[in-house]
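The values are calculated or read from the model by the stated rules, or taken from the named source; none is laboratory data. What you see is a predicted model, and the numbers here were worked out from it, not measured in a lab. So basically every Cβ, Gly included, is an ideal-geometry build from the backbone, and we count neighbours across all protein chains shown.
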């Protein structure tokens, strides 16, 4: 059985936290606020399928995802 991590919040004012769940328990569509991912930083690294990606917020408020 495969496991994954999903973001969840207790309410709209709480910080996002990671919870381990079985892959069949993860909703088909999960919306995550960019502020929860970036947590006040300009960029974060995302590990996906053995590769590292960088998610960066621009000065104009756009997001750039690079490998």
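Yes or no: segment 54-67 includes at least one residue that is under 10 Å from the mean Cα position of the chain (by Cα), assigned to a loop (DSSP other than H, G, I, E, B) and modelled with pLDDT under 95. Checked against the condition, which is being under 10 Å from the mean Cα position of the chain (by Cα), assigned to a loop (DSSP other than H, G, I, E, B) and modelled with pLDDT under 95, segment 54-67 yields no hits at all. Applying a threshold of 7 Å to beta carbon distances and a minimum spacing of six or more residues, or different chains, the list of pairs starting in segment 47-64 at a residue that is farther than 15 Å from residue 37 by Cα and ending at one that is outside any strand (DSSP E or B) reads 51/67.
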